[in-house]
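Colleague: This is the structure I have questions about; it appears just below.
The values are calculated or read from the model by the stated rules, or taken from the named source; none is laboratory data. Keep in mind that this is a model prediction, so the values were computed, not measured. Cβ placement follows ideal geometry from the backbone for every residue including glycine, while neighbour counts extend to all protein chains displayed.
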Amino acid sequence: MAKILKRERLVPNIHLLKVHAPKIAQKCKPGQFVIIMPDERGERIPLTVADWDKKEGSITTVVMVVGTSTHKLARLKSGDEVPVFVGPLGKPSEIEKFGTVICAGGCFGIGAIYPVARAMKEAGNRVITLIDVKANYLLYWEDKLREVSDEVYISARDSYYDCKNYIPKVLGEILKDKKRVDRVFSVGCTYLMYTCAEATRAYGIKTLVALNPIMVDGTGMCGACRVSVDGRTKFACVDGPEFDGHLVDWEELFSRRKTYFDDEIESLCYWERENFP
Ligand SMILES: Cc1cc2nc3c(=O)[nH]c(=O)nc-3n(C[C@H](O)[C@H](O)[C@H](O)COP(=O)(O)OP(=O)(O)OC[C@H]3O[C@@H](n4cnc5c(N)ncnc54)[C@H](O)[C@@H]3O)c2cc1C
Ligand code: FES
């Protein structure tokens, strides 16, 4: 069992979840993830490590509420316990001095991108962070990201911030301005990662994307997280989750992510009926 140290709503659909997990906090690196099970009857779901504190022995994740498991996580209180919290899983991000690195994140990816941006900055890179939100009230962790970035661009559809263009378009404009960029890293919803990879393709800039296929065991045994990269089968949980976005079979990923769509909706309706009649 792992104890919840803190659960806080950051914006209407996104929560911070801090869990006591000293062994994971000692070992984890940027880009890795944990698997959590919200309760005994629940499923195992992956969450990216958004921060950690070795002294406190804590792992922080940022959870976007989309279906049954994430609704359950959003109702946890400090002192509650979850039956499964394992990690760190997946390969860490490749961190070295590349030159100028763009980190682009949206929804839960705003939190997930933080440790990568911080490590890239510490490695001596010039870090440009692009944040995408649907509306200004969905922005969180702006201060944390500004602390580890040389430049930050925020894009919201309601144009409250820098612009209202979708962030991959902003990425395209930066590249069009002939600004030298050595590496791009993107995390968030599949469409955001796909469009970031498309924006950099013509420029040949290596673009890493943190793929989010359905996962079950997270250890390479079940095959649920199968993705095709450069024509080869990979398991995102052990071979990734980061892959070269120019080599990912995006169509297959979009399609496989929809496999249980009807069951997911039914599961949420059932859970709501049972718990909030
Ligand atoms: C390696 C990895 C790291 C991840 N890191 C995080 C993280 O840090 N924070 C986080 O919130 N999520 C993260 N995810 C996604 C997260 O695991 C799923 O959102 C979660 O499993 C959904 O479970 P659920 O039961 O709440 O929703 P489900 O019942 O599984 O899905 C409900 C509905 O939401 C849709 N949906 C599911 N996931 C998403 C999504 N990410 N964006 C938009 N729609 C979605 C589904 O298509 C479905 O229609 C990560 C996934 C992977 C593979
Ligand atoms: S989640 Fe089972 S093989 Fe990756």
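Colleague: Is it the case that segment 24-34 has a residue that's of a type in the set (D, E, K, R) and farther than 28 Å from Tyr260 by Cβ?
Modeller: yes
Colleague: When you scan segment 217-264, how many residues do you find that are at pLDDT 95 or above, among the β-branched types (Val, Ile, Thr) and within 12 Å of ligand 1 (Cβ to nearest atom)?
Modeller: Result for segment 217-264: 2.
Colleague: If you don't mind, there's one more thing I want to ask. Go through segment 216-233 and give me each residue that's assigned to a loop (DSSP other than H, G, I, E, B) and surrounded by fewer than 23 Cβ atoms within 10 Å (Cβ to Cβ).
Modeller: Matches in segment 216-233: Val216, Asp217, Thr219, Gly220, Met221, Cys222, Gly223, Ala224, Asp230, Gly231.
Colleague: Please state which of the following conditions Leu145 fails to meet, knowing it meets all the rest: (1) within 16 Å of ligand 1 (Cβ to nearest atom); (2) among the hydrophobic types (A, V, I, L, M, F, W, C); (3) in a strand (DSSP E or B).
Modeller: For Leu145, the failing item is (3).
Colleague: Report, ordered by the first and then the second residue, all pairs with beta carbons closer than 6 Å, sequence separation of six or more or different chains, a first member in segment 213-239 that is without any contact (Cβ under 8 Å) to a residue 12 or more places away in the chain and within 21 Å of Met193 (Cα to Cα), and a second member that is part of a loop (DSSP other than H, G, I, E, B) and within 10 Å of ligand 2 (Cβ to nearest atom).
Modeller: Ala224/Ile214; Ala224/Met215; Ala224/Val216
Colleague: In this structure, does Ala202 turn out to be away from ligand 1 (no atom under 15 Å from the Cβ), in contact with a His (Cβ under 9 Å, 6 or more places away or on another chain), without any contact (Cβ under 8 Å) to a residue 60 or more places away in the chain and among the aliphatic types (A, V, I, L, M)?
Modeller: Judged against the criteria, Ala202 is not a match.
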